[in-house]
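Novice: Just passing along the structure, written as C-alpha cells.
Please treat every number below as a calculation from the coordinates, not as lab data. Bear in mind that the values here come from a model prediction, so they are computed numbers and not experimental data. Cβ sites come from the backbone with ideal geometry, for glycine too, and all protein chains shown count toward neighbours.
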Protein chains: 2
Amino acid sequence: MQLVTVGTVAFDDIETPRGRAERAIGGAATYISRAASFFVQNQGIVSVVGDDFPKDELREMQGLGIDLSGLEIKEGQKSFFWAGKYHENMNQRDTLITDLNVLANFKPVLPELYRTSNYLMLGNLTPEVQMDVLSQMKEKPKLVALDTMNFWMDVAMDALLEVLKRIDVLTINEEEARQLSGEFSLVKAANVIHRMGPRYLIIKKGEHGALLFHEGSVFSFPALPIAEVMDPTGAGDTFAGGFMGYLARTNDHSFENMKRAIVYASVMASFCVEDFSLARLKALTDSEIPLRISEFKNLTLFDVNHW
Amino acid sequence: MQLVTVGTVAFDDIETPRGRAERAIGGAATYISRAASFFVQNQGIVSVVGDDFPKDELREMQGLGIDLSGLEIKEGQKSFFWAGKYHENMNQRDTLITDLNVLANFKPVLPELYRTSNYLMLGNLTPEVQMDVLSQMKEKPKLVALDTMNFWMDVAMDALLEVLKRIDVLTINEEEARQLSGEFSLVKAANVIHRMGPRYLIIKKGEHGALLFHEGSVFSFPALPIAEVMDPTGAGDTFAGGFMGYLARTNDHSFENMKRAIVYASVMASFCVEDFSLARLKALTDSEIPLRISEFKNLTLFDVNHW
C-alpha cells in the first residue's frame, strides 16, 4: 500500500457567499484520498461511517484505487455531520453544527495490509486516534504527516505534543502555528515546532499560499489568484492529499522533491475551491493537471540572472 | 534625469513591539529615493521641508545622486511629522499624530530638468498634488507609478479617479484594492482597476508579498520570512523605490522585466524592515543585494519538469 490516510468521511452542509450545498459528501479522508488518487493507484483509508453513507460514493472511491477495508460501516448509526458558513474572507469560517455520531467512539483498527505503508497521513482528528493509528504501524513509515487544528490545542495539547514527537510533517495554518509555538514570527514558530518533533512544517495560508520550513530552509508558494472561490471546504485536505500523493508516487522526500509536492498540492487545492464540495475534484481529469502547473509557473517563475 | 519622485520628506515617531524611534527621518520620497539610489545615479525629488530638517541628511541624499533642486525648504516652518504605533501584526498600524506643517500648502514646482524624466513616481500624497506634478511634465513619461491610500479614497475619490486615468502603475494594499474597486476578489478588483486607467496593478500584501496584475497575467512574489521585523515603516515606499529604480536603470518595462523589478523591490523592502527607520538602508551595501536575491531564489524557485 503506497499511502494510508486516517480522517473523517462525512456529510457537510456548506454556505458560502456564492451559494450552498446540503448533505454534501465531505470529510478529511474523503478529500485527501481523492486528491491523492491522481498520484497513487493503491491507497487505503481508516475511518468510520454510518449506514446512511451512500454506497455509490464508496464504490466510486474503490474505483479510484482507494481501498476501503479500513473503513468501518456501523449499522444503525449516523455518519459524522458538519455544517459551516463562510463569509467574504474565506480564510475564516463559522462552524454551525458538529454532530460526531459514529465518530464519538471511533477506535481505528488498521487492516494488516495497511501496517507496512511507507506513507501515512494522519488527518485532522483527536490526537489520541492519530497516535493509535501510528502505533499500529509495524515499522515507522518513511514519512508521517499530521494535520491538526486549534481545537485540539485547546482541549488536548498534551496528547497532541506526544504524537508530534513521532511525526515528520506537520500541516497547520498561521494562527495555529502561533498558538502551538507561542511565537508570532513564523520563522521563530517553525524553530519551536521543529524542536517538538516535526522536521518539516507546512504553514497553510489559504489565499496567501503556503510555507514549507525545514532545517533553516524555507519554500514559499502562492495560491492561484482565483476570480471566484466557490467553496474552500476541503482545500486544506486536498492540499495534503496532493502533497502526500505526490511524495508516495515519487517515493522521494528530498527537500527539492518536497517543493514539487507543495506545487502539486497547491494545484489540487486550486481546483478544489472552484466548485462546491467534491464537485470539481470529481470532474477533474489528469490532463488538466499539467495545464494548471503551467499557470502556476507563469504566476511564480522569474529570471534575474542579468543585473 | 532617470527618475523623479514626489512625496513627503518628514520626521517620524515610531513605536513597534521591538522598540521605538523618535524624530527619525522618514517620508515616502525619502524611502523611495534612497531605495532607488541603489539602481540609478541621477534622480530628483519634489517635496517640501521646514528649516528644522537636518542639513547633513540633505547632504547625504545629494551624495547618493539625489538631486534636491525640487525640494523646497520653507524658512521658519516645520517639516511634516507623523507618529504611529504597530502591534504584533505589523500589517496594520495606528496613526497617532499627523502634523501636516509645511505640507498644508504644498504647491510643487518641478525644476526644468525634471520635466523630461522617463520615470515618474507619484508617492502617497493628495491626488491634487499628484496631478499637479504629472501636469508639469513636458511629455508623458515612459512610465508613471502612483501610490495612494484608503484615506484619499475616503476624502478625495473624484480627484483620485482623475489622476488614475493618466498613470501606468498603481501600488496599493489588499484592502485598498477592494475599497477602490468594490470587489472582494483581487482578480476581479484588478480588472475593475485596469479599466480606471492603470495597466499595471501592484497589490502589496506586507508579510504575504505582492501581486502584479497586467492584462490578465499575474505574478506573485512572497516577502522574505524574517525572524524579527523591527519596524515596517517605509517598507512599501522602499518597495516602490526598488521597483522604479530597477525599471529606470534597465529602461525596459516589458512584463518580464517588471517581474524582475518586483523581485528587486522585495529585496529592498526586506532590508528596510530589519531595523528602525532608515537605519538598515543607510548601512546597506551594493554587495548585499545579490546575496539577498539568492535567498529569494531559494525561497521561491522550484523545478517540476519531471512528473
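Novice: Can you pull a Stokes-Einstein diffusion coefficient for the stretch A:196-307 at 25 °C (0.890 mPa s), Rh from Kirkwood over Cα pairs, as a whole number of µm²/s? Write down the numbers at each step before the final one.
Specialist: On the way: Rh = 14.7 Å.
D = 167 µm²/s.
Novice: Given only helices, namely DSSP H runs of n ≥ 4 each adding -39500 (n - 2.57), what is the per-residue ellipticity at 222 nm of chain B, to the nearest 500 deg cm²/dmol? Please report the intermediate quantities before stating the final value.
Specialist: Working: 11 runs with 112 residues, N = 307.
That comes out to -11000 deg cm²/dmol.
Novice: For the protein assembly as shown, count all C-alpha to C-alpha pairs, find those more than 32 Å apart, and express that count as a whole percent of the total. Walk me through the intermediate numbers first.
Specialist: Numbers: 94684 of 188191 pairs.
Summing the P(r) of the protein assembly as shown above 32 Å gives 50 percent of all pairs.
Novice: Cross-link candidates for residue B:282: which lysines have Cα within less than 23 Å, leaving aside residues fewer than 8 places away along the same chain?
Specialist: B:55, B:85
Novice: Also, quick follow-up: About the Cα centre of the stretch A:1-90, how large is the charge dipole given +1 on each Lys and Arg Cβ and -1 on each Asp and Glu Cβ? Please answer in debye to the nearest 20. Intermediate values should be presented prior to the final figure.
Specialist: Details: 9 positive and 13 negative charges, 30 e Å.
Magnitude of the dipole: close to 140 debye.
Novice: Take the Cβ-Cβ distance between residue B:51 and residue B:196 as r, set R0 to 35 Å, and report the resulting FRET efficiency rounded to the nearest 0.05. Kindly include the intermediate steps, with their values, before the conclusion.
Specialist: Values: r = 40 Å, r/R0 = 1.13.
Efficiency, from the Cβ-Cβ distance: 0.30.
Novice: In addition: Quickly work out the residue A:105-to-residue B:100 label distance, labels modelled 7 Å from Cα along the C-beta direction, and quote it in nm with one decimal.
Specialist: Result: 7.3 nm between the two label points.
Novice: Ok, one more. Testing the spin-label approximation: label points 7 Å from Cα along Cα→Cβ at residue A:228 and residue B:226. State their distance in nm.
Specialist: 3.9
Novice: Hey, which lysines would be in cross-link range of residue B:142, C-alpha to C-alpha under 18 Å, not counting anything within fewer than 8 residues on its own chain?
Specialist: The reachable lysines, counting only those whose Cα sits under 18 Å from residue B:142, are B:165, B:259.
Novice: Could you give the nm distance between label points at residue B:60 and residue A:135, where each point is 7 Å from its Cα heading toward the beta carbon?
Specialist: 6.3
Novice: Follow-up. Can you tell me which of B:155, B:129, B:49 moves the most in a GNM of chain B? Springs connect C-alpha atoms under 10 Å apart.
Specialist: B:155
Novice: Here's a follow-up. Where in the stretch A:273-297 does the amide nitrogen come within less than 15 Å of the point 7 Å from the Cα of residue A:18, taken along Cα to Cβ?
Specialist: Residues A:273-284 qualify, since their backbone N sits under 15 Å from the label point.
Novice: Taking the alpha-carbon centroid of each part, what is the distance from the stretch B:166-225 to the stretch A:146-225 in angstrom?
Specialist: 29
Novice: By what distance, in whole Å, do the Cα atoms of the stretch A:19-161 stretch along each of the three principal axes, largest value first?
Specialist: Cα extents, longest axis first: 43, 39, 33 Å.
Novice: Nothing charged except the Cβ atoms of Lys and Arg (+1) and of Asp and Glu (-1): what's the magnitude of the dipole of the stretch B:136-275 about its Cα centre? Round to the nearest 20 debye. Before the final figure, lay out the partial values.
Specialist: Numbers: 14 positive and 19 negative charges, 145 e Å.
With Lys and Arg at +1 and Asp and Glu at -1, about 700 debye.
Novice: So what is the relative contact order of chain B, in percent, for Cα pairs below 8 Å that sit 6 or more residues apart?
Specialist: Values: 638 pairs, mean separation 54.1, N = 307.
Over chain B, the number comes to 18 percent.
Novice: Hey, with R₀ at 56 Å, roughly what FRET efficiency would residue A:215 and residue B:157 work out to, going by the Cβ-Cβ distance, to 0.05? Walk me through the numbers on the way to the answer.
Specialist: Numbers: r = 50 Å, r/R0 = 0.89.
E(calc), rounded to 0.05, equals 0.65.
Novice: What whole-number distance in Å separates the alpha-carbon centres of the stretch B:36-57 and the stretch B:252-303?
Specialist: If you average the Cα positions of each part, the centres end up 22 Å apart.
Novice: From a point 7 Å beyond the Cα of residue A:118 in the direction of its Cβ, which residues of the stretch A:270-288 have a backbone N at a distance under 11 Å?
Specialist: No residue passes the distance filter.
Novice: Among all the aspartates and glutamates, which ones have a C-alpha under 12 Å from residue A:205's C-alpha, if same-chain residues fewer than 8 places away are not counted?
Specialist: A:174, A:175, A:176, B:207
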